[in-house]
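Here the structure comes first, spelled out in structure tokens, and everything after it is commentary.
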Amino acid sequence: KVVFGPCWALFFVAPPLKFPPFPRSFSHPTGVGLAIILFGFLIVPVLGGIALLFQALLLAHGGLTTLGANGMSMAVVGPLVGYLIWLSACKLNLRKDVSVFLCAFFADLVTYAVTSMQLGVAFPDPHAGIMASVLKFMSIFCITQIPIAIAEGLLTVLVYEQLTKRQLLVARGH
């Protein structure tokens, strides 16, 4: 059995914990690693879409005009990469805690790599072009997002261990 509510709550609560790397933009945990592990990839875009819509409407986080971009980075591409890493780590028979950490860590980082690409396309450097702008956004996000991804990976390991210890989930893949 799996506890669905707390997982969705993590999706809803984690992103509004914002750290501003530069004006009018934020780094934050994504909360998708645990959902990927518990439910697999296919449900995560649904959970993420619902959470992003509620955040936009109720918390003014993100907003309706950025829903598509946020959904693609935070509910599709980042989680897909995290899920592929989870599956690979399971096939390699890595320890569960290592597999969980890698899944959450990379899902978070890839989310921000995609966000950097989206911002680079939306706001290209007038002299150096899109790629220079993407690299600028990535370098700025790295300052805050790498520590956040590490913290999110560790927190996901702790939550996963508690859920398995209390027999609230049966792990997918392991």
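The values are calculated or read from the model by the stated rules, or taken from the named source; none is laboratory data. Keep in mind that this is a model prediction, so the values were computed, not measured. Neighbour counts run over all protein chains shown; Cβ positions are idealised from the backbone, glycine included. Remember, those area values only see protein heavy atoms, side chains included, never the ligands or the DNA or RNA. Shrake-Rupley method; radii C 1.70, N 1.55, O 1.52, S 1.80 Å.
Counting protein heavy atoms only, region 26-123 has 76 percent of its accessible area on carbon and sulfur, 1.4 angstrom probe. Ordered from longest to shortest, the equivalent ellipsoid semi-axes for region 78-134 are 33, 8, 8 Å, each the square root of 5 times a Cα gyration tensor eigenvalue. The Cα trace of region 66-163 gives Rg and Dmax of 15.2, 51 Å, the first to one decimal, the second as a whole number. Counting only Cβ charges, +1 for Lys and Arg and -1 for Asp and Glu, the dipole size of region 17-132 around its Cα centre is about 200 debye.
What does the C-alpha gyration tensor say about the overall shape of region 23-129? Classify as rounded when a/c is under 1.5, otherwise prolate if a/b is larger than b/c, or oblate. It comes out oblate by the Cα gyration axes. Maximal additional length on extending the residue 46-residue 69 stretch stands at 6.8 nm, based on 0.36 nm per residue less the C-alpha distance.
Checking every one of the trypsin sites (Lys or Arg not before Pro) in region 75-126 against DSSP loop status and a limit of 16 other Cβ atoms within 10 Å picks out 95. Taking Cα centre as origin and charging only the Cβ of basic (Lys, Arg, +1) and acidic (Asp, Glu, -1) residues, the dipole magnitude of region 79-161 rounds to 180 debye.
For region 88-167, the per residue solvent-accessible surface stands at 56 Å², with DNA, RNA and ligands left out and a 1.4 Å probe.
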